[in-house]
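Trainee: Encoded as structure tokens, here's the structure I'll be asking about.
The values are calculated or read from the model by the stated rules, or taken from the named source; none is laboratory data. Remember, predicted model here, so these are calculated numbers, not experimental data. All Cβ positions, glycine included, derive from the backbone under ideal geometry; neighbour counts span all protein chains shown.
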Ligand code: PRP
């Protein structure tokens, strides 16, 4: 049986996001800053991060998937929903929930660079550096975490657990036999 065990509490997450928002506000004194969230996992992080940034922002979504129903990347990245607007000559901040192998962001950074933004940076809530297969330059990192499978706060396992307020480690536990 898979059991979610709390790894980062909602309070820890919210505090860290407020700090990230302050830093981003300082770094981008002038708007509009385009926040591009990667569906689906980043939806909750985007909601909180955007509210902690004081610079005028615009919110856009891009759908990218490489995991399907699996726990590890398939390496095959596909765009499931493209941007609705041009980002040419705008400051762009990609908002991601987790950087794991780096496959998703390597693909996305290449794609967005071709559209000539004024600047392009990445903010991720979680970073798992031990799993990196492709180097990714991430400017804003919420938490560096060990190689554990995490769910909650937008992150899923086969589409479950996204609505948890905490970030949890999913562990395999044997249910206790009834006495
Ligand atoms: C997850 C996560 C990141 C990506 C990170 O997305 O949300 O976008 O994987 O992994 P990587 O660094 O190994 O590429 P997923 O493909 O599971 O889609 P989802 O966000 O809809 O859950």
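Trainee: Have a look at 36, 24, 53, 62 and point out the one that is closer than 19 Å to residue 99 by Cβ and more than 15 Å from the ligand (Cβ to nearest atom).
Mentor: Values: 36 fails: more than 15 Å from the ligand (Cβ to nearest atom); 53 fails: closer than 19 Å to residue 99 by Cβ; 62 fails: more than 15 Å from the ligand (Cβ to nearest atom).
Checking each option against the conditions leaves just 24.
Trainee: Give me the pairs, please: first residue somewhere in the stretch 95-111 and in contact (Cβ under 8 Å) with a residue 24 or more places away in the chain, second residue anywhere and assigned to a helix (DSSP H, G or I) and within 8 Å of the ligand (Cβ to nearest atom), beta-carbon distance under 7 Å, and either six or more positions apart or on two chains.
Mentor: Once the first residue is in contact (Cβ under 8 Å) with a residue 24 or more places away in the chain and sits in the stretch 95-111, its partners that are assigned to a helix (DSSP H, G or I) and within 8 Å of the ligand (Cβ to nearest atom) give 96/105; 99/105; 100/131; 101/131.
Trainee: Continuing with the same structure: With 120, 170 as the choices, which residue is buried (at least 19 other Cβ atoms within 10 Å of the Cβ), more than 15 Å from the ligand (Cβ to nearest atom) and over 18 Å from residue 65 (Cα atoms)? Break it down into steps so the answer makes sense when it comes.
Mentor: Details: 170 fails: more than 15 Å from the ligand (Cβ to nearest atom).
Answer to the check: 120.
Trainee: Take the residues of the stretch 148-164 that are farther than 10 Å from residue 4 by Cβ and over 15 Å from the mean Cα position of the chain (by Cα): which is surrounded by the fewest Cβ atoms within 10 Å (Cβ to Cβ)?
Mentor: Only one residue tops the list, namely 159.
Trainee: I'm checking my understanding of the structure. Among residues of the stretch 1-58 that are without any contact (Cβ under 8 Å) to a residue 60 or more places away in the chain and under 23 Å from residue 104 (Cα atoms), which one is farthest from the chain's Cα centre (by Cα)?
Mentor: In this case the residue turns out to be 58.
Trainee: Something else: Look through the stretch 126-147, keep the residues that are more than 13 Å from the ligand (Cβ to nearest atom) and over 16 Å from residue 16 (Cβ atoms), and return whichever of them is surrounded by the fewest Cβ atoms within 10 Å (Cβ to Cβ).
Mentor: Residue satisfying both the conditions and the ranking: 137.
Trainee: On to the next question. Just give me the residues in the stretch 156-179 being in contact with a helix residue (DSSP H, G or I) (Cβ under 9 Å, 6 or more places away or on another chain) and not in a loop (DSSP other than H, G, I, E, B), in sequence order.
Mentor: Once the filter is applied, which keeps residues that are in contact with a helix residue (DSSP H, G or I) (Cβ under 9 Å, 6 or more places away or on another chain) and not in a loop (DSSP other than H, G, I, E, B), the stretch 156-179 yields only 167.
Yes/no matrix, rows are residues, columns are (1) farther than 26 Å from residue 48 by Cβ; (2) modelled with pLDDT under 95:
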position	(1), (2)
80	no, yes
86	yes, no
93	no, no
104	no, yes
133	yes, yes
139	no, no
161	no, no
